[in-house]
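The values are calculated or read from the model by the stated rules, or taken from the named source; none is laboratory data. This one's a predicted model, so the numbers in the text were calculated from it and none came from an experiment. Please note: Cβ atoms are built from the backbone with ideal geometry, for glycine as well, and neighbour counts cover all protein chains shown.
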Ligand SMILES: NC(=O)c1ccc[n+]([C@@H]2O[C@H](COP(=O)([O-])OP(=O)(O)OC[C@H]3O[C@@H](n4cnc5c(N)ncnc54)[C@H](OP(=O)(O)O)[C@@H]3O)[C@@H](O)[C@H]2O)c1
């Protein structure tokens, strides 16, 4: 099968290339998927670039242990392992290979059956694949952790990214009044998702605002936590949700890890700081799909690349300029 392989850390166009790999082995409980679409998420560019460097402690120090990137997936079932009862050859499915060895930037990928769901016909493969990690994050943050309710004031920092656009839509559908923080060029896009206000971060610092918010989902963590907490309402909560950007010398080594670590530590003592980490199960995928089918969220696709241009797709995400999801169409 054709797959995009990574042999070293570096710029996506230097270290990612198309190669022929053996068909992955299907173990008990696994499903082999003929991939039709996958999408690019933060962990993909982080492992390709090997930044923040500190994360190499987990991925492999001199080169990544796993050679194929990608977790989100949508496609057709090609084969099933022993014990797979929920899916049969030919089913259209979507899900995530999170924590599996085999990545999805490939023609075939292996995913445990517990991380898959049948794809409804109304949803394209591109939409299904691109909503998995970003959508699960938005649902976890906005609905489950922040418990957004009608009338709440919600601020989304990084409102124009794959996670941000879905979070804006979900908070609006739950009855919140939403402020999106993005650059001027993405203001119309964020307002079109139902935000009532946009703060252009190139002109105004939301942490200096006189306004107060009940929920702040921080997908950028470009401000110290204490400054973000200053603009919370008396019962407000902040959800730091980013490994940050890897710009500058120190940024390439640490990025937002110190800020996330501090937030994690403080969350043990303060009910006003909450970290929204996701889990992928058939239940969380079903909850996401229900919201999409109810019209609460619709993924916004920025660009779609063919498999052989996966390096360009990852480079686009790494630029931190993607407005919505970056998709790789495989078929
Ligand atoms: N908790 C989890 O399990 C989980 C899962 C997935 C993702 N995440 C986190 O979610 C974060 C967001 O990911 P994403 O996929 O949405 O993509 P992203 O690549 O972080 O978002 C790109 C967007 O961010 C905007 N942006 C860049 N700098 C900004 C700034 N200083 N202030 C406000 N907006 C800025 C860009 O708009 P402009 O071009 O207009 O600047 C662009 O539209 C990531 O940091 C990731 O670590 C967490």
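Brief remarks on what is shown
- Residue within the stretch 275-282 that is exposed (fewer than 13 other Cβ atoms within 10 Å of the Cβ) and more than 16 Å from the chain's Cα centre (by Cα) present: no
- Among residues that are in contact (Cβ under 8 Å) with a residue 60 or more places away in the chain and in contact with a helix residue (DSSP H, G or I) (Cβ under 6 Å, 6 or more places away or on another chain), residue 280 is included.
- Where residue 261 falls short, out of the listed (1) in a helix (DSSP H, G or I); (2) away from the ligand (no atom under 11 Å from the Cβ); (3) under 20 Å from residue 144 (Cα atoms): (3)
- Enumeration of residues in the stretch 206-223 that are touching a helix residue (DSSP H, G or I) at 6+ places or on another chain (Cβ under 9 Å), under 18 Å from residue 145 (Cα atoms) and not in a loop (DSSP other than H, G, I, E, B): 213, 215, 216, 217, 218
- When 37, 66, 74 are checked against the criterion of being crowded, with 19+ Cβ neighbours inside 10 Å and without any contact (Cβ under 8 Å) to a residue 60 or more places away in the chain, 74 stands alone in meeting it.
- Residue within the stretch 277-293 that is within 11 Å of the ligand (Cβ to nearest atom), modelled with pLDDT of 95 or more, touching a strand residue (DSSP E or B) at 6+ places or on another chain (Cβ under 6 Å) and closer than 22 Å to residue 318 by Cα present: no
- Scope the stretch 108-137; condition under 17 Å from residue 40 (Cα atoms) and surrounded by fewer than 20 Cβ atoms within 10 Å (Cβ to Cβ); matching residues: 124
- Residue, farthest from residue 315 (Cα to Cα), within the stretch 48-63, restricted to residues that are touching a residue at least 60 places away in the same chain (Cβ under 8 Å) and assigned to a helix (DSSP H, G or I): 54
- Among the candidates 10, 83, 70, residue that is within 16 Å of the ligand (Cβ to nearest atom) and either outside any strand (DSSP E or B) or over 18 Å from residue 330 (Cα atoms) (or both): 70
- Selection count where residues are in a loop (DSSP other than H, G, I, E, B) and out of contact with any helix residue (DSSP H, G or I) (no Cβ under 8 Å at 6 or more places or on another chain), scope the stretch 264-277: 4
- Subset of the stretch 297-318 (residues that are away from the ligand (no atom under 15 Å from the Cβ) and assigned to a loop (DSSP other than H, G, I, E, B)): 298
- Candidates 138, 167, 195, 187 - the one that is touching a helix residue (DSSP H, G or I) at 6+ places or on another chain (Cβ under 8 Å), farther than 21 Å from residue 279 by Cβ, modelled with pLDDT of 95 or more and not assigned by TED's automatic domain parsing to the domain that holds residue 33: 195
- Residue 161, sole failed condition from (1) in the same structural domain as residue 41 (by TED's automatic domain parsing); (2) within 16 Å of the ligand (Cβ to nearest atom): (1)
- Selection of the stretch 239-253 for residues being within 14 Å of the ligand (Cβ to nearest atom) and not in a loop (DSSP other than H, G, I, E, B) yields 239, 240, 251.
- Evaluation of residue 226 against (1) within 14 Å of the ligand (Cβ to nearest atom); (2) part of a helix (DSSP H, G or I); (3) over 17 Å from residue 302 (Cα atoms) (one fails), failing number: (1)
- Residue within the stretch 173-196 that is under 25 Å from residue 271 (Cβ atoms) and within 14 Å of the ligand (Cβ to nearest atom) present: yes
- Qualifying positions in the stretch 138-187 - assigned to a helix (DSSP H, G or I), buried (at least 24 other Cβ atoms within 10 Å of the Cβ) and without any contact (Cβ under 8 Å) to a residue 40 or more places away in the chain: 168
- Conditions (1) in contact with a helix residue (DSSP H, G or I) (Cβ under 7 Å, 6 or more places away or on another chain); (2) within 12 Å of the ligand (Cβ to nearest atom); number of the one not met by residue 321: (1)
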